[in-house]
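Each value in this text was obtained by applying a stated rule to the coordinates, not by laboratory testing. Everything numeric here is computed off the predicted structure, so don't read it as measured data. Every residue, glycine as well, gets a Cβ built from its backbone with ideal geometry; the counts of neighbours run over all protein chains shown.
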Amino acid sequence: MSPLAILGVLSSAIFSGVSLLYITLGEVVDERSGIVNLGLEGVLLVSASSGFAVTVITGNPIMGVLSAMLIGGLMNMILGYLVIHRKANQLASGLALMFFGFGLSALIGKSFVGAKITSLPRIPFLGLSGLPKLYTSLFSFDILIYLSIPTAFLIWWLLFRTRWGLGVRAAGENADTTFASGRDPRLIRYQALFVGGLLAGLGAAHLSIAYTMNWTEYMTAGRGFIAIALVIFSRWHPLRAIVGALLFSGAVAFQLLLQSSGVHISPFLLDTLPYVLTLLVLIIWGGNRKHSAPASLGRVYQGSE
Amino acid sequence: MSQMVKSLSRTTFSSPWFNTFIRYLLVTLLALFLFGIILLITGKDPIQSYKDILTSTLGSAYGFSEVLVAMIPMLFTALAVALPSRVGLINVGGEGQLYIGAAFATWGALTFQNQPAWILLPVMVLLGMLGGALWAFIPGYLKAIGLVNETITTLLFNSIAPKIVGFLIFGYWHSAMDTVKTANFVPAARLPAFFGTRVHLGLVIGLALLILFWFIMKYTRWGLEMRAIGGNSQAARRNGLPVKRYLIVVMCIGGAIAGLAGMAQVSGFYGVLLLNFSMGLGFMGFLICWLAGGEPIGILLMSFVVAVITTGGNMLQLTRDLPYAAINILLALTLFAVLARPNFFGGKKA
């Protein structure tokens, strides 16, 4: 197998891992504030389709990415209204949001199937511009790829080093105490959901605008659920989410490498790897409180009247 | 998580029947109105679209039979959530259990295809239940020993199951012509259908299970003990109930029922095992159970309503040139409206 083929595999693994990192970070923020967003898959689909549509209409991928982010934030606001304002069941609300996303994205994307777009500009990886064209084309990444790991650090800083992040984590652990300390857990959760939606939208936009550069119905193919698994795998920590995304990329790369080198391991079985590893991590750390979920995850805040 | 359980069990049907009826009517109208706006934006005529949905589902005997067909797997997957919820377990894993049940049943159909129907079908039913139960056993066991929450594990298992089915179809079972599905089942492996429609024996099994569920919960010692565990598992344990065993067994039975949904789909509906055939039936079951407050009659009604909506989607696709998935918007808007519990009566929330 030629080195070029191996590099190609690595390149495509990076592309598929980056969108997942953004999505996972978004879900980390949601869940840190105490809300499980099971509708993530639907949010991603609506963001990916509308971002793609805006890119086709305006011809400007940046506009596409920005509108996908905004739509992601707005989709999460629906969930916020149901679970924060109306105190609805989080799992049911999330699943309803998922079905909403299935339908809405199909409707939005319908007239854009097969459309051509100009993707985000690619910048060659540092110091590689001297290499032959074939190599640099494989290792030219768009700005979102370069920004992915810094974003993980930014989210870590936001959650663990700012007052806002303290509020988010407090709301996720105990909403009543948060209220007693003079913050409104409802407002905090809305904010966290909006930030999480922006990140999910960013990941979805990267998928449809930068990676596949097209729209097909149900193109996210379970990435929302992979992200939910990776959040658990990374134990609700933004920096460990990088490891989770790398793991997923690695599985993708491994699978492609095996295929091209003629080894027969079913791609279907390799696809189960992120879930199986998450399950093992859960079992290993299961009884340990230090590694457990935010204490109020999934609970309804009844208010302190 | 414990609060979710409470809201999952019977909040909806506690208010008087008439108020409940009016509430649901208004909620449905609200959802229809919102979907109508979306239809208008996309340039479709909402009135005509709704007429299409009604005439294609409830307007003819054939349409009605198609609604019943769509309803069958939902009865099972909703029941697969309702039963575990009685002991406080949240089974979000119907989707995965359905796939594994379908895979086990398919194995039976392919292996024993020379047997007569009266042997083959019961074997497939048992295999389907076994598959679903096995898939629910691990989450149930991990929950019972207090290690991992069943909500998380059942969700993970949902994502694994379709890939195992894909592995089996691709690697071993696919037909000579096609790599995404098995060969058509022999006639003996098909659940019999009635009156020349596609309504199959699965409907009878589903209804029987609903009645059995109602009977067990209301009139047997098991039902009483399950309610005790669901109400306060600590107290139940101190009173000598085998809580762990109950959690595991009930979870497995829930899984077995979801596995039956898979068996009913491959044997009764498709007659073949397809890649990714379910498209969210398990999740739909969770939502139906939630809408129904976990009550058998509610499950029957809600499955019917959801089946009308999804069946109507087929007609919209044909006549209104909408993607089939678009009907999910109407479904979701209805759910949103119920979830938001608007206060039509200005009084306390239901």
Here segment B:186-203 yields Karplus 3J(HN,Hα) values (6.51, -1.76, 1.60; θ = phi - 60°; whole Hz; Gly and Pro given as x) of 5, x, 5, 8, 9, 5, x, 9, 9, 6, x, 9, 8, 5, 10, 4, x, 4
A:Asp142 long-range amide H proximity, modeled H, under 5 Å: A:Ile123
Please report, to one decimal in angstroms, the Kirkwood hydrodynamic radius of segment A:108-247 built from all distinct Cα-Cα pairs. 17.8
Binned at 5 Å from zero, the C-alpha pair distances of segment B:91-162 give percents of 3, 19, 23, 18, 13, 10, 7, 4, 1, 0
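Holding the Cα-Cα limit at 28 Å, pick out from B:Lys163/B:Lys244; A:Lys110/B:Lys51; B:Lys143/B:Lys163; B:Lys44/B:Lys163 the pairs that are longer than that. If you can, show how the numbers build up before the last one.
Details: B:Lys163/B:Lys244 30 Å; A:Lys110/B:Lys51 23 Å; B:Lys143/B:Lys163 24 Å; B:Lys44/B:Lys163 38 Å.
In this structure, B:Lys163/B:Lys244; B:Lys44/B:Lys163 exceed 28 Å between Cα atoms.
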I need the shape label for segment B:178-299. Rule: rounded when a/c is under 1.5, else prolate if a/b > b/c, else oblate, with a, b, c from the alpha carbon gyration tensor. prolate
Give me a comma-separated list of calculated 3J(HN,Hα) values for segment A:161-167, in order, Karplus coefficients 6.51, -1.76, 1.60 applied at θ = phi - 60°, integers in Hz, x for any Gly or Pro. 10, 10, 5, 4, x, 4, x
Starting from the Cα-Cα distance between B:Asn19 and B:Met177, subtract it from 0.36 nm times their residue separation and give me the gain in nm to one decimal. 51.3 nm
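Test of understanding: ordering A:Arg161, B:Arg86, B:Arg198 by Cβ neighbours within 10 Å, fewest first, what list do you get?
On the way: A:Arg161 10, B:Arg86 24, B:Arg198 15.
Ascending Cβ contact count within 10 Å gives the list A:Arg161, B:Arg198, B:Arg86.
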Taking θ = phi - 60°, what integer Hz values does the Karplus form 6.51 cos²θ - 1.76 cosθ + 1.60 yield along segment B:280-295, in sequence order, with x for Gly and Pro? x, 4, x, 5, 4, x, 4, 5, 4, 4, 5, 4, 7, x, x, 8
Would you calculate the separation in nanometres between label points at A:Ser2 and A:Leu166, each defined as 7 Å from the Cα along the Cα-to-beta-carbon direction? 5.8
What's the Cα-based Rg to Rh of chain A, Rh via Kirkwood? 0.99
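Counting each pair of different Cα atoms once, what's the Kirkwood radius of segment B:26-117 in Å, rounded to one decimal? Working shown, then result.
Values: mean 1/r = 0.0582 Å⁻¹.
Across segment B:26-117, the inverse of the average 1/r is 17.2 Å.
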I need the calculated FRET efficiency for the pair B:Ala235 and A:Arg86, taking r as the beta carbon distance and R₀ as 51 Å, to the nearest 0.05. 0.95
Could you tell me the center-to-center distance, by alpha carbons, between segment A:61-128 and segment B:285-347 in angstrom? 22
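Given a Förster radius of 35 Å and the C-beta distance between A:Ile62 and B:Leu275 as r, what FRET efficiency does 1/(1 + (r/R0)^6) yield to the nearest 0.05?
Numbers: r = 37 Å, r/R0 = 1.06.
Approximately 0.40, to the nearest 0.05.
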The relative contact order of segment A:103-254, taking Cα pairs under 8 Å that sit 6 or more residues apart, comes to a percentage of 28
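Evaluate the Kirkwood expression for the hydrodynamic radius of segment B:71-308, namely the inverse of the mean inverse distance over all pairs of different C-alpha atoms, and round to one decimal in Å. Don't jump to the answer; show the numbers that get you there.
Numbers: mean 1/r = 0.0563 Å⁻¹.
Result for segment B:71-308, one decimal place: 17.7 Å.
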PRE zone check, label point 7 Å out along Cα-to-Cβ of A:Thr118, amide N under 20 Å, scope segment A:62-82, hits A:62-68
Just want to confirm a number: the relative contact order over chain B, from Cα pairs under 8 angstrom separated by 6+ residues, in percent. 34
With label points set 7 Å from each Cα along the Cα-to-Cβ direction at B:Ile47 and A:Tyr146, the distance between them in nm comes to 5.8
Efficiency of FRET between B:Arg245 and B:Ile119 - r from beta-carbon atoms, R0 35 angstrom, step 0.05: 0.60
Going fewest to most other Cβ atoms within 10 Å around each Cβ, B:Cys289, B:Cys252 line up as B:Cys252, B:Cys289
Between Rg and the Kirkwood Rh of the protein assembly as shown, both from Cα atoms, what is the Rg to Rh ratio? 0.96
Can you spot the aspartates and glutamates whose alpha carbon is less than 14 Å from B:Lys181's alpha carbon? Ignore those fewer than 8 places along the same chain. none
How big, on average over all directions, is the shadow cast by the Cα convex hull of segment B:149-217, in nm²? 8.0
Taking the number of other C-beta atoms within 10 Å as the exposure measure, put A:Met75, A:Met98 in order starting with the fewest. A:Met98, A:Met75
What is the distance, in nm, between label points placed 7 Å from the Cα along the Cα-to-Cβ direction at B:Asn184 and at B:Arg221? 5.1
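Over all residues in A:198-206, what is the mean tally of Cβ atoms on other chains that come within 10 Å of each residue's Cβ? Before the final figure, lay out each step's value.
Working: counts 0, 0, 0, 0, 0, 0, 0, 0, 0.
Partner-chain Cβ atoms within 10 Å, mean over residues of A:198-206: 0.
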Per residue of A:218-230, what is the mean number of Cβ atoms on other protein chains within 10 angstrom of that residue's Cβ? 2
